[in-house]
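K.L.:
Please find one structure pasted underneath; my questions will follow.
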Amino acid sequence: MTHDFKNKSQVILGQLSLLKEEVNQGSKKRIDKVLKNMSDLFDLSDKIRLHLKDQYKTYNMSLDELRRKIRGIVEEKTRYKYRDIF
């Protein structure tokens, strides 16, 4: 998704750069502000991508490993929940 965002943004940046050559000084300053904000959006999109990548890591493990992990979690939670009874 960030790849698509960047591709479309590159088109906008290119068109703004071409337009900047055709306008007066006041308009050039406004275009520069837009270009700066587009650059900030690129940085933000990279930060979002990295955050999501870290948040949704994939793990490779066998079914037996997964069962052991789940069993361990359940046993730990069960022991904690009922520790006053035993």
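K.L.:
How many of the residues in region 39-54 are over 17 Å from residue 7 (Cβ atoms) and modelled with pLDDT under 85?
P.N.:
5
K.L.:
So the check is Cβ under 7 Å with 6+ separation or different chains; which pairs have a first residue in region 4-22 that's over 12 Å from residue 39 (Cβ atoms) and a second one that's of a type in the set (Ser, Thr, Tyr) and surrounded by 13 or more Cβ atoms within 10 Å (Cβ to Cβ)?
P.N.:
5/45
Here is a yes/no grid of residues against (1) exposed (fewer than 12 other Cβ atoms within 10 Å of the Cβ); (2) at pLDDT 85 or above; (3) hydroxyl-bearing (Ser, Thr, Tyr); (4) at positive phi:
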position: 16; (1), (2), (3), (4): no, yes, no, no
position: 25; (1), (2), (3), (4): yes, yes, no, no
position: 37; (1), (2), (3), (4): yes, yes, no, no
position: 56; (1), (2), (3), (4): yes, no, yes, no
position: 70; (1), (2), (3), (4): yes, yes, no, no
position: 75; (1), (2), (3), (4): yes, no, no, no
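The values are calculated or read from the model by the stated rules, or taken from the named source; none is laboratory data. Keep in mind it's a predicted model, so treat the numbers as computed, not measured. Reconstructed Cβ throughout: ideal geometry from the backbone, glycine too, with neighbour counts over all protein chains shown.
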